[in-house]
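Remarks on the structure that follows.
The values are calculated or read from the model by the stated rules, or taken from the named source; none is laboratory data. Values in this document were obtained by computation on a predicted structure and should not be read as measured data. Note that each Cβ is placed from the backbone with ideal geometry, even for glycine, and that neighbours are counted across all protein chains shown. These accessible areas exclude ligands, DNA and RNA; they are computed on the full protein's heavy atoms, side chains included. Shrake-Rupley method; radii C 1.70, N 1.55, O 1.52, S 1.80 Å.
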Amino acid sequence: MKTKIMGILNVTPDSFSDGGKYYDNKNHLDITLKHVEEMIKDGASVIDVGGESTRPGFSVVPKEEEIERVIPVIEAIKKNFNTEISVDTYKAEVAMEACKAGASIINDIGMGMLDENMFKTVAQTGLKYVLMHNKENYSSLIDDMKETIEKARTAGILDSNLILDPGIGFNKTYEDNIREFKNMTHLKALGYPILIGVSNKSMIGNALELPIGDRLEGTIATSVMATMWGADYIRVHDVRANARAIKMTEKVLY
């Protein structure tokens with residue numbers, strides 16, 4: 001498919017959607033790898049491995065523990081599957097270790113601001129870098145992104161490695177989330193690939209008045225719209241259903 005699906009793999013005990021399900025990778029790595037195999041079979045072309053929950057009110061995980069969670073999983077995926085691997089982290093040391101283990105994308109919710117060494121580390125690795133908008137009291141997402149892109153360039157990150165994410169659900173109200181999702185084409189006009197991650201988030205829950213475990217249809221709807229608006233990557237928990245919806249959308253569009 002033209003739109004790449006990023007399958008979410010949370011190796012954490014407390015993620016908002018599937019916390020704990022694939023956490024104990026020391027004793028149950030086979031369960032984790034089985035899930036990876038299913039996601040790839042169902043249509044994921046990128047597996048996004050995260051070792052710290054970023055749900056509202058999340059607890060910060062020491063970098064050493066995060067490394068212990070994600071590196072064995074990344075190494076095992078690299079060994080067993082021919083797929084692109086992303087690491088979901090805002091910590092520079094975790095990103096560097098993930099690069100050594102076989103990751104090819106650094107997915108940073110911190111916008112390069114939560115670790116002063118992140119931009120320098122990304123430049124050193126030469127990996128693709130998802131720059132996600134995550135800023136309190138913002139007035140213009142586009143202006144914020146332009147400013148941060150310049151900082152990334154100055155640090156040595158190549159334009160060709162940048163992927164932009166509007167950061168749905170991060171430091172935004174429900175109204176903000178709806179507005180920025182609808183304005184995705186304005187972000188795409190900056191000329192970079194776009195990643196959209198709305199899967200099971202509160203934007204859907206608030207719109208449909210549904211709990212976390214009952215937001216699949218809402219997620220699919222956002223995946224279809226994001227595809228129509230030109231998203232290059234869509235990050236989801238339920239790969240099969242979203243992949244089928246995206247594939248059908250692309251059949252009509254192209």
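Across the options PRO13, HIS28, MET39, the greatest Cα extent toward the positive end of the charge dipole of the chain (unit charges at beta carbon of Lys, Arg, Asp, Glu) belongs to MET39. Normalised by the number of residues in segment 143-254, the mean separation of alpha-carbon contacts (under 8 Å, six or more apart) gives a relative contact order of 23 percent.
The charge dipole of segment 35-142, taken about its Cα centre with unit charges on the Cβ of Lys, Arg, Asp and Glu (plus for the first two, minus for the last two), comes to roughly 260 debye. Check the straight Cα-Cα distances from LYS182 and name the lysines below 27 Å, setting aside those fewer than 8 residues away within the same chain. Filter leaves LYS2, LYS4, LYS128, LYS135, LYS146, LYS151, LYS172, LYS201, LYS247, LYS251.
Of all lysines in the structure, the ones whose alpha carbon falls short of 19 Å from that of LYS79, not counting any fewer than 8 places away in one chain, are LYS26, LYS34, LYS41, LYS100. Take 143-151, 44-52, 217-225 and order them by the average number of nearby Cβ atoms within 10 Å per residue, most first; the result is 44-52, 217-225, 143-151. In the context of the full protein assembly, PHE170 retains an accessible surface of approximately 30 Å², using a probe radius of 1.4 Å and ignoring ligands and nucleic acids. For the residues PRO193, PRO211, PRO72, a GNM of the chain with alpha-carbon springs under 10 Å puts the largest fluctuation on PRO211.
Per residue, the accessible area of the chain comes to 46 Å² when a 1.4 Å probe rolls over the protein heavy atoms. Carbon and sulfur atoms: what percent of the 1.4 Å accessible area of the chain do they account for? Carbon and sulfur: 50 percent of the exposed surface of the chain. Here LYS78 is the anchor, and the aspartates and glutamates within straight C-alpha reach of less than 17 Å, apart from those fewer than 8 places off in the same chain, are ASP30, GLU37, GLU38, ASP48, GLU68, ASP88, GLU97.
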